[in-house]
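The values are calculated or read from the model by the stated rules, or taken from the named source; none is laboratory data. A quick note: this is a predicted structure, and the numbers were derived from the prediction, not measured. Glycine also receives a Cβ, built like all others from the backbone with ideal geometry; neighbour counts cover every protein chain displayed.
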Amino acid sequence: MPNGTEARASARQRLLDAANELFYREGVQSVGIDRIIEHAGVAKGSLYKNFGSKEELVRAYLETRHAGTSERVGRALTRFGTPRERLLGVFDAQGELFAQPDFNGCAFVAASAEAPPGSSWIGAADDYRSWVRGIFLGLAEEAGALDPDSLARQLHLLYDGAGLAARMDRDPSAAATARTAAAGLFDAAPKADRPVAARADG
């Protein structure tokens with residue numbers, strides 16, 4: 001039999017799994033605590049013991065989504081050797097998400113739209129946005145862009161637009177279209193004579 005620590009960990013994971021499924025599919029405000037608890041198959045006290053409130057569960061759900069996206073992008077980038085390929089590889093990773101049968105748009109956009117003023121989960125969404133911008137900024141720097149911040153902002157807009165098109169138009173190929181546009185932006189951007197070395201955390 002699992003000990004108390006294992007049982008708590010199991011209950012926490014079941015609650016996160018239930019939140020990930022229900023919040024992502026139906027929205028964070030339309031899914032009540034009782035549905036999460038029932039779907040997770042845990043005692044009601046488990047939610048408050050592990051998260052304290054629904055708001056903190058939403059924040060943990062978004063942090064889990066962030067971790068999953070980070071892992072997917074990291075795996076994609078290992079497939080490419082040059083800075084240009086790595087930069088465009090971010091859109092390949094995005095396309096993998098769009099192709100999933102349960103794709104329902106950007107979890108962070110949806111949760112932000114439903115967040116009440118001062119909600120703690122806004123911070124989780126902001127952290128994700130900063131991470132995406134940071135990925136593009138780091139790769140633009142590696143590739144030797146003379147104005148990596150400007151290029152990163154443009155690429156981030158393409159990334160956001162692809163996510164919206166994939167959801168609203170039900171078009172998984174939006175990532176490939178964004179990738180083609182990103183290649184054009186990258187190739188047109190002024191570069192230094194020699195790209196910088198890849199960062200160790202890339």
(request) Answer yes or no: is there a residue in region 89-96 that is in contact with a Pro (Cβ under 8 Å, 6 or more places away or on another chain), of a type in the set (G, A, S) and at negative phi. (result) yes
(request) Would you check which residues across region 94-153 are surrounded by 17 or more Cβ atoms within 10 Å (Cβ to Cβ) and hydroxyl-bearing (S, T, Y) and list them? (result) S112, S119, Y128
(request) Could you figure out which of (1) touching a Lys or Arg at 6+ places or on another chain (Cβ under 8 Å); (2) part of a helix (DSSP H, G or I) isn't true of A162? (result) (1)
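Quick test for you: out of V132, V109, pick the one residue that is over 21 Å from Q29 (Cβ atoms), touching a residue at least 24 places away in the same chain (Cβ under 8 Å) and touching a helix residue (DSSP H, G or I) at 6+ places or on another chain (Cβ under 9 Å).
The match here is V132.
For every residue, the table says whether it meets (1) farther than 21 Å from T180 by Cβ; (2) assigned to a loop (DSSP other than H, G, I, E, B); (3) at pLDDT 95 or above.
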| site | (1), (2), (3) |
| --- | --- |
| H66 | yes, no, yes |
| E71 | yes, no, yes |
| V90 | no, no, yes |
| Q94 | no, no, yes |
| N104 | yes, yes, yes |
| G118 | yes, yes, no |
| F136 | no, no, yes |
| L139 | no, no, yes |
(message) Could you check region 154-201 and list, in sequence order, the residues that are at pLDDT below 95, surrounded by 13 or more Cβ atoms within 10 Å (Cβ to Cβ) and in contact with a Gly (Cβ under 6 Å, 6 or more places away or on another chain)?
(response) K191, P195
(message) Among the listed residues E85, E21, E38, identify the single one that is more than 21 Å from the chain's Cα centre (by Cα) and surrounded by fewer than 19 Cβ atoms within 10 Å (Cβ to Cβ).
(response) E38
